[in-house]
Amino acid sequence: MKALIIGASRGLGLGLVRQWLARGFDVVATRRGAAPGLEEAQRAHPQALRLEKVDIDHPAEVAALAGRLAGESFDLLFVNAGVSSPPEVPLAKVADAEITRVLFTNAINPVRAAEALSGLIAPSGTIGFMTSILGSITQCNGGYELYRVSKTALNMAAVCFAAHEANKARTILLLHPGWVRTDMGGPQAPLDVETSTKGLAATITRHHGKGGVAYLDYQGETLPW
Ligand SMILES: NC(=O)c1ccc[n+]([C@@H]2O[C@H](COP(=O)([O-])OP(=O)(O)OC[C@H]3O[C@@H](n4cnc5c(N)ncnc54)[C@H](OP(=O)(O)O)[C@@H]3O)[C@@H](O)[C@H]2O)c1
């Protein structure tokens, strides 16, 4: 089995790389700058882990990555890359440039990257996106307005993507990792990266090959859109 993980320099992306390596996968993992944890993992698994570079906000870089990987076939593509936004600022007060940055990085560019890389994914493979329960419309209790909007939009963009003819036999997963202690999640989060990513990998494994589109948390529970 072979996985391509986009946005694996640290946090949950790096945790997912470790999970797939532990399960015997060959992994291609991307970062966009320095990534000491990922480089250390590569030194520990020189055969199984290959590193690439891509910033999903630069379409030419995504196209170049697709070109470098041409001819390879992956069972799993997972787009983990994402950014946060200030929790207390209501949407009406956020600067246009910040709205553009968060919407493109969290909602539009993950799906554009999946589209650009989809030719590398097996016809019945799995394509996963890291979303959040904060994108669930029915669960909204305020705060993180821009971030919530971006993850709701990611969910819709991925459901539209799942309806494309090329994805008919694929499994498309929108996964919420829980609230996790990373640079984004902060030190007060209840979950560690290993617990979350172990659950995410088990959930992906359970759904692989089943087809369809699902919005799930790291424990495999279905979430309300
Ligand atoms: N932590 C949580 O509690 C939590 C909860 C729900 C959802 N999530 C989601 O989980 C994902 C990972 O979060 P995390 O907590 O691990 O955050 P993190 O520690 O801040 O890591 C974010 C990752 O995304 C990468 N990234 C950001 N923008 C990118 C871009 N334009 N192109 C390529 N890579 C990019 C970062 O790369 P650099 O190192 O280059 O910046 C880094 O590898 C995100 O999508 C986040 O929204 C997290």
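Remarks
- For the residues L223, L216, the requirement of being within 22 Å of T126 (Cα to Cα), touching a residue at least 12 places away in the same chain (Cβ under 8 Å), out of contact with any Phe, Trp or Tyr (no Cβ under 9 Å at 6 or more places or on another chain) and of a type in the set (A, V, I, L, M) singles out L216.
- There is at least one residue in the stretch 95-105 that is exposed (fewer than 15 other Cβ atoms within 10 Å of the Cβ), among the polar types (S, T, N, Q), assigned to a helix (DSSP H, G or I) and at pLDDT 95 or above.
- Of everything listed in (1) more than 6 Å from the ligand (Cβ to nearest atom); (2) touching a residue at least 40 places away in the same chain (Cβ under 8 Å); (3) over 17 Å from R68 (Cβ atoms), the single unmet condition for R10 is (1).
- All of (1) in contact (Cβ under 8 Å) with a residue 60 or more places away in the chain; (2) near the ligand (Cβ under 10 Å from one of its atoms) hold for E61 with one exception: (1).
- Residue in the stretch 67-83 that is crowded, with 18+ Cβ neighbours inside 10 Å and either part of a helix (DSSP H, G or I) or aromatic (F, W, Y) (or both) present: yes
- Tally, over the stretch 172-199, of residues that are hydroxyl-bearing (S, T, Y), within 10 Å of the ligand (Cβ to nearest atom) and closer than 21 Å to R23 by Cα: 2
- Candidates L49, L4, L38, L16 - the one that is buried (at least 18 other Cβ atoms within 10 Å of the Cβ), out of contact with any helix residue (DSSP H, G or I) (no Cβ under 6 Å at 6 or more places or on another chain) and either touching a residue at least 40 places away in the same chain (Cβ under 8 Å) or hydrophobic (A, V, I, L, M, F, W, C) (or both): L4
- Scanning the stretch 132-149 for residues that are under 10 Å from P87 (Cβ atoms), within 11 Å of the ligand (Cβ to nearest atom) and touching a Ser or Thr at 6+ places or on another chain (Cβ under 6 Å) returns a single hit, Y147.
- Counting residues in the stretch 123-130 that are under 30 Å from A63 (Cα atoms), more than 11 Å from the ligand (Cβ to nearest atom) and aromatic (F, W, Y) gives zero.
- Tabulated pairs, the stretch 184-196, first among the hydroxyl-bearing types (S, T, Y), second near the ligand (Cβ under 7 Å from one of its atoms) and not in a helix (DSSP H, G or I), C-beta under 7 angstrom, 6+ apart or interchain: S196/P177; S196/G178; S196/V180
The values are calculated or read from the model by the stated rules, or taken from the named source; none is laboratory data. Not measured: the values here are computed from a predicted model. With ideal geometry, Cβ positions are generated from the backbone for all residues, glycine too; neighbour counts draw on all protein chains shown.
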